[in-house]
Every structure is written in structure tokens, then in C-alpha cells.
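Taking it in order: structure first as C-alpha cells, then the write-up.
A short reminder: the numbers here are calculations on the coordinates, not readings from a lab. Please read these numbers as outputs of a predicted model, since none were measured by experiment. Please note: Cβ atoms are built from the backbone with ideal geometry, for glycine as well, and neighbour counts cover all protein chains shown.
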Amino acid sequence: MKPYLFHKRETVLLTLFFSLLIIPRLEAQTKKLKRPRGKVGISSVDNFVQESFDLYDKVYKYDGYAAAGKSLDDEDIDVLEDGIEDVTRLTESTPDILNDLDGAGMIKQGKATLQINRAKKALEYSVTTAKALLLGERESQSEESPDEEGELDKDSEGDTNDDQDQGENEKGDISDNMEVYSKFDFVPGDELIFFDDFSQDFIGDFPSKWNTNGSGEVVRLSKVEGNWFEPKPGYDIYYIPDVKSLPEDYTIEFDILSSGLSRETKSTAALQIILSDADNFDEGEDNFVYITLPFGQYSPFDIRTYNYFDNENTIKSRIKADIRNEVKNQPHVAISVTKQRFRLWINQEKYIDIPRFIEKPETLNYIKINVNNLKIGEERIFIKNLKVAKGGVDLRRQLLSEGKVSTNGILFDSGSANIQPQSLGIVRQISQVLMQDNSIRLNIIGHTDSDGTDEANLELSKARAAAVKEALVNIFDISPDRLTTDGKGESQPVGDNSTADGKAQNRRVEFIKI
């Protein structure tokens with residue numbers, strides 16, 4: 001299902017107002033609505049969405065109390081009463097939001113629509129539930145009580161669906177996130193150099209495939225999946241993965257998780273990514289570049305870039321950006337180095353594209369990470385899924401010339417067929433081949449690693465192939481008649497399933513001309 005765009009301001013205005021004034025009765029909710037991860041870039045929309053979900057989180061927490069049989073105190077009641085007044089104030093801001101959308105591009109309007117719709121659901125739930133809680137009409141539901149809010153609360157697999165009584169099942173990845181990523185042009189390298197999800201490390205240990213002059217440990221968090229690496233902040237402290245050589249063309253990807261960030265977080269709090277000519281514990285000897293991602297929250301802070309070659313600095317820039325919401329909502333960072341060109345994305349948004357940032361590509365062979373200016377014990381940063389891959393042949397050209405292509409760059413949620421939207425750069429390339437030649441038909445084949453049973457992996461591989469087909473059909477308008485799907489499970493490995501690198505290679509999708 002594709003999102004509609006703003007064609008008539010009056011229609012949207014009436015929809016927002018009357019959907020909040022005439023509130024349907026909602027059943028007790030067991031899964032949290034997902035707060036949008038990216039910002040639209042229109043302040044009124046972004047503020048409306050943020051305030052709607054801030055209110056939603058408060059009401060959701062108190063609803064959890066009621067479901068667990070815990071009574072509310074006077075302070076809780078005051079918060080709920082204020083929340084109902086906040087809903088009125090937020091709905092009254094709708095005309096200003098719609099005025100600000102005039103003249104915005106189609107993609108930005110579409111993204112705004114998705115986020116406002118989700119915020120509207122949050123407000124519907126908030127006002128209905130707040131009133132029920134104040135009237136004592138919310139019953140204890142110990143078997144279906146929602147989780148209380150936590151700093152590291154994991155996103156639910158799907159949102160509450162207003163249309164369930166009509167038999168419609170929303171697919172969050174396709175309708176809510178995927179369309180926004182349809183123009184995402186990051187394509188990961190196709191030859192794996194390094195991968196670490198810390199699954200092979202013991203909790204509490206420093207990761208075995210890294211080095212440092214400081215301290216850090218692998219941790220397990222209650223609200224998110226898997227193992228995460230927590231580097232400890234400090235001046236001149238560096239964390240260096242075991243990458244010994246980098247080609248001219250390559251990509252770097254990783255996920256960030258944060259905890260404890262607030263308006264008190266320092267303006268200098270940041271994560272720095274360094275490409276260096278040496279694996280020692282400083283920025284580099286004669287050649288290095290770095291980019292600095294800010295974590296301060298009380299104001300937008302710039303993304304900083306710096307290069308240094310042969311004792312000379314030629315680029316030192318501060319790029320205007322507001323990534324405060326992104327760094328608090330488990331962002332995916334992607335970097336592409338193509339000879340001298342350096343590009344960086346955070347989620348679907350490209351923030352850096354410097355054509356000659358890497359003046360001497362052959363000198364930079366090491367990756368370093370530094371985290372600094374966080375409050376010890378209060379503000380924490382975690383990373384996961386560091387993937388470095390050599391950039392190879394353009395997948396479009398390979399598919400046309402060889403009739404098939406295999407990629408491990410299409411990523412899925414763990415144990416799931418939900419495509420991670422950052423993978424759409426590859427799906428977009430495949431769609432371009434199909435749009436260029438209408439006679440081409442493709443068989444899409446999914447493969448998994450060996451985790452789980454043979455039967456489960458076979459079904460998962462088939463479901464993942466079907467999900468890729470769905471993305472091609474629903475997002476890029478490819479006819480479903482031109483696509484078939486299949487899955488091979490774990491039966492055709494290309495890497496060692498006993499290592500994280502090998503598993504990452506085995507989790508792949510093939511496209512074969514038929």
C-alpha cells in the first residue's frame with residue numbers, strides 16, 4: 001500500500017480535526033506505535049510528530065500501570081489531564097502545518113503524510129486512553145499488558161491498525177518506511193572485507209576482532225536484540241576493528257544505539273569516524289580524514305569534516321544538519337568511498353557528498369572510532385553490525401552482462417522477512433534494469449545462514465525472496481508477472497557458518513534472468 005500525497009489541504013485538515021474530535025473506542029493496546037525515525041525537514045511537521053509521540057509515551061506508560069493493576073497517584077492524574085489539553089493544542093496547530101507544506105516537493109510531502117498519519121494514531125490513542133484512565137474505566141489486563149516505556153525499548157513489529165475491522169493488514173515496512181527510501185541511492189559493496197555483530201563475543205569482554213587504548217565491552221540489552229559494543233568515551237581513545245587494508249572503492253555500515261541523551265547532553269558529545277594511514281592510537285601519521293556526528297540535544301549541531309594529507313589540510317567544513325532525533329532512534333550509518341569521493345547517509349538522508357575529500361585513497365587503510373564528551377554512567381553509545389565491503393561491479397551491468405547477480409547487501413530483520421529499508425539502494429538498481437528492458441524476467445532466490453532448523457530456514461528464505469518481489473512491485477511499480485521467487489534456505493552456503501563473516505556472506509539474495 002502506497003501513501004497518498006497532499007492534494008487538497010482542506011481534506012487533510014478536516015480529516016485530522018474530526019478524527020481527533022470524534023474518537024473511536026480503541027481496545028487496550030499491546031504493541032507500541034513506532035515513533036518515526038527520520039525527520040521531514042519541515043519544523044512544524046517535525047514538532048507536531050515529536051510532541052504527539054512524547055505525549056503518547058506518557059499515556060502508554062500509565063496505561064501499562066493500569067493493565068498491571070497499579071493505581072495512579074495525584075501526579076499521574078495531573079499529567080493525564082495536561083495531556084488532554086495538549087491534544088487540543090496540537091490539533092489547533094494543523095493549519096500552520098498545512099501552510100508550511102505548500103511548495104514542498106512530492107517526496108517530502110509524502111514523508112510528511114506518513115509521519116502525520118502515525119502521529120494522528122498516537123493522539124487518538126492518547127486522548128481516548130487518558131480519558132478512560134481518569135474515569136477509572138481502564139481494566140487490569142495482566143496477560144496482555146503493554147511493556148512499560150524504557151530507554152532502550154525495541155520497536156514493535158507493527159503499528160496498531162485502525163482498519164483491522166475491515167480486514168486490512170498494514171505492512172509497516174512497505175507503507176511506513178519503504179516508500180521514503182525509494183530514492184535512497186546507497187549501494188553496499190559486494191565483497192565482504194569485515195563484519196562484526198559481536199555474536200561470537202562473551203558479554204562483558206572487549207570484542208575479539210578490535211583493538212583499543214581505552215576500554216569497552218560487549219553488552220546485552222533487555223529491549224533490543226543481540227549483542228552490542230559499548231565503547232567508553234574519552235579524549236584520544238580509539239577503537240580499531242581488524243581491517244588491515246582498504247581498497248579504492250568500499251562501503252562502511254553500522255548501527256548506533258544511544259541511551260540517556262537529553263537537553264543536558266554537551267554540544268561536544270559526538271562519535272567520530274576516522275580513515276587513517278596507520279593503526280596506532282591517534283588520528284594518523286601523515287594522512288587521515290574524519291567526520292564527526294554530534295549527539296548534543298538542546299540545539300542542532302553541525303556534522304564536521306576534516307582531511308589531512310602530507311601535512312596539509314584542504315577541507316575543514318561544518319555541515320548544517322539536525323540529527324538529534326536520528327541519534328536517539330537507532331540510526332543506520334552508511335559511508336561510501338569511491339576513490340576520492342566520500343558520501344555519508346544517516347538512515348535515508350544523505351548528509352555528505354564531497355567529490356575530492358580522499359586526496360590519496362591508497363594511503364588510508366584503517367578505520368578508527370572515537371566517542372567523547374558523554375556523561376559517564378548517564379549517557380551511553382552502542383554500536384553493532386559493522387560491515388566493511390569492497391565496492392565491485394555495478395550490479396545493473398553485471399545482471400545485464402552475466403544474466404545473474406548475488407548480493408548480501410539486502411538486509412532483513414533477524415529471523416524475519418522484513419527488509420531493512422536501508423537496503424533499497426540495491427533493489428532500486430534491480431528495478432532500473434527491469435525498467436530499461438521490459439522483456440527481462442527475473443527469478444529471485446533467497447538464502448540464509450545455518451542458524452535455526454533446516455525447515456525454518458527454507459521457509460524464511462522463500463519469505464525473504466517474496467518480500468524483495470513485493471518491494472519491486474509495490475515501490476518501483478514492476479509488474480508481478482515478470483518476477484518469480486524461490487528459497488534455498490541454508491543448503492547452498494558460500495561462507496563458513498561458524499563465523500560472523502561467513503554467516504553474513506550466506507545471508508544473500510540472487511537475481512537470475514529467466
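Averaged across orientations, what area in nm² does the convex hull of the alpha carbons in region 191-390 project?
In nm², the orientation-averaged hull projection of region 191-390 is 10.4.
Evaluate the distance, in nm, between pseudo-label points positioned 7 Å from the Cα of residue 191 and of residue 43 along their respective Cα→Cβ axes.
For the pair residue 191/residue 43, the computed spacing is 4.9 nm.
Name the lysines eligible as straight-distance cross-link partners of residue 387: C-alpha to C-alpha under 16 Å, and not fewer than 8 places from it in the same chain.
209, 244, 368, 503
Using the alpha carbons of region 395-513, what is the convex hull volume per residue in cubic angstrom, as a whole number? All intermediate terms of the calculation are to be shown ahead of the outcome.
Working: hull volume 10.8 nm³, N = 119.
Hull volume over Cα atoms, normalised by residue count, gives 91 Å³.
Which of 455, 124 has the fewest other C-beta atoms within 10 Å, and how do the rest follow up to the most?
Working: 455 9, 124 20.
Taking fewest neighbouring Cβ atoms as first place, the list is 455, 124.
Return 277, 496 ranked ascending by Cβ neighbour count within 10 Å, so the fewest neighbours appear first.
On the way: 277 19, 496 13.
Ordered from fewest to most neighbouring Cβ atoms within 10 Å, 277, 496 come out as 496, 277.
Kindly flag which residue pairs out of 328/390; 266/350; 39/108; 339/390 have an alpha-carbon separation exceeding 18 Å in this structure.
Result: 328/390; 266/350 exceed 18 Å.
In whole Å, what is the distance between the alpha-carbon centres of region 201-239 and region 358-397?
So the two Cα centres are separated by 15 Å.
With θ set to phi - 60° and the Karplus curve 6.51 cos²θ - 1.76 cosθ + 1.60, what are the ³J(HN,Hα) couplings of region 351-367 in order, to the nearest whole Hz, using x for Gly and Pro?
Rounded to whole hertz, the list is 9, 10, 8, 10, x, 10, 6, 9, 5, 10, x, 5, 8, 9, 10, 10, 10.
For region 191-390, what is the charge dipole size about the Cα centre, in debye to the nearest 20, if Lys and Arg each add +1 at the Cβ and Asp and Glu each add -1 at the Cβ?
740
Tell me which GluC sites (Glu not before Pro) from region 357-446 have a DSSP coil assignment and no more than 12 other beta carbons within 10 Å of their own.
378
For region 261-335, what is the convex hull volume of its Cα atoms per residue in Å³?
Cα-based convex hull of region 261-335, divided per residue, equals 104 Å³.
To make sure I understand, if each residue's beta carbon is the centre and we count other beta carbons within 10 Å, what order do 367, 193 fall in, fewest to most?
Going from least to most buried by this count: 193, 367.
When every alpha-carbon pair in region 349-444 is counted, what percent end up more than 18 Å apart?
68
How far apart, in nanometres, would the label points at residue 484 and residue 432 be if each is projected 7 angstrom from Cα along the Cα-to-Cβ direction?
Distance between label points: 2.8 nm.
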